[in-house]
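K.L.:
Starting off with a structure, shown below.
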Amino acid sequence: VLLQLDPFLNELTSMFEHSTEKGSVWVTLKRSSMKSKVKRNKMASAGEEIEHKCLIRATDGKRTISTSVGQKDHQRFQASYATILKARMTALKKRERKDKRKAADADKKQKSSKKQSTAP
């Protein structure tokens, strides 16, 4: 289903809401001219400029939605899309960080123990 920008963003938000407990949402972006190869070849041979757009598809495994974003709307769409992603990435775990000194000491201990075990 090819939607306009605002309905696509609304549907994407609802997909994220439905998949919070269980499931995933896959979003793919692809460069596209939205024309067949034959038409592109004819336009290229005639010297016409081919306008490329960004085709964006989202699926949750059950339903698929898509939209096409031109150069003029790209900045606005990217800002809205980033806002949605930031708001919906609540299930991600924080990265466990080790203290740099503790990590360096642990690495030195491992290297010295390997040398001792290989030496006769």
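K.L.:
Looking at (1) part of a strand (DSSP E or B); (2) at pLDDT 90 or above, which is the one condition that is false for Asn10?
P.N.:
Asn10 satisfies every listed condition except (1).
K.L.:
Turning to a different aspect of this structure: State the number of residues belonging to the stretch 24-62 that are under 23 Å from Pro7 (Cβ atoms), outside any strand (DSSP E or B) and free of Cβ contacts under 8 Å to residues at least 24 places away in the same chain.
P.N.:
So in the stretch 24-62, the residues under 23 Å from Pro7 (Cβ atoms) come out as 24-34, 51-62.
From what is left, the residues that are outside any strand (DSSP E or B) are 24-25, 33-34, 51-52, 60-62.
Subset that is free of Cβ contacts under 8 Å to residues at least 24 places away in the same chain: 33, 51-52, 62.
Total meeting the criteria: 4.
K.L.:
Give the stretch 76-104 a look and list any residue that's modelled with pLDDT under 70, outside any helix (DSSP H, G or I) and open to solvent by 100 Å² or more (accessible area, probe 1.4 Å), or say none.
P.N.:
Matches in the stretch 76-104: Leu92, Lys98.
K.L.:
Going by the structure shown, is Leu29 at pLDDT 85 or above and out of contact with any Leu (no Cβ under 8 Å at 6 or more places or on another chain)?
P.N.:
Numbers: at pLDDT 85 or above: yes; out of contact with any Leu (no Cβ under 8 Å at 6 or more places or on another chain): no.
Answer is no for this residue.
K.L.:
Select from the stretch 3-29 the residues that are hydrophobic (A, V, I, L, M, F, W, C) and more than 12 Å from Asp60 (Cβ to Cβ) and write down the one among them that is surrounded by the fewest Cβ atoms within 10 Å (Cβ to Cβ).
P.N.:
Filtering the stretch 3-29 down to residues hydrophobic (A, V, I, L, M, F, W, C) leaves 3, 5, 8-9, 12, 15-16, 25-27, 29.
In the following step, the residues that additionally are more than 12 Å from Asp60 (Cβ to Cβ) were identified as 3, 5, 8-9, 29.
On the way: Leu3: 17, Leu5: 17, Phe8: 23, Leu9: 18, Leu29: 11.
Among those that are hydrophobic (A, V, I, L, M, F, W, C) and more than 12 Å from Asp60 (Cβ to Cβ), it is Leu29.
K.L.:
Quick check on Lys53: is it modelled with pLDDT of 80 or more and surrounded by 12 or more Cβ atoms within 10 Å (Cβ to Cβ)?
P.N.:
Numbers: modelled with pLDDT of 80 or more: yes; surrounded by 12 or more Cβ atoms within 10 Å (Cβ to Cβ): yes.
When the stated conditions are applied, Lys53 passes them.
The values are calculated or read from the model by the stated rules, or taken from the named source; none is laboratory data. Please read all numbers here as calculations on a predicted model, not as lab measurements. Cβ sites come from the backbone with ideal geometry, for glycine too, and all protein chains shown count toward neighbours. Each accessible area value is taken on the protein alone, full model and side chains, heavy atoms only, with ligands, DNA and RNA left out. Shrake-Rupley method; radii C 1.70, N 1.55, O 1.52, S 1.80 Å.
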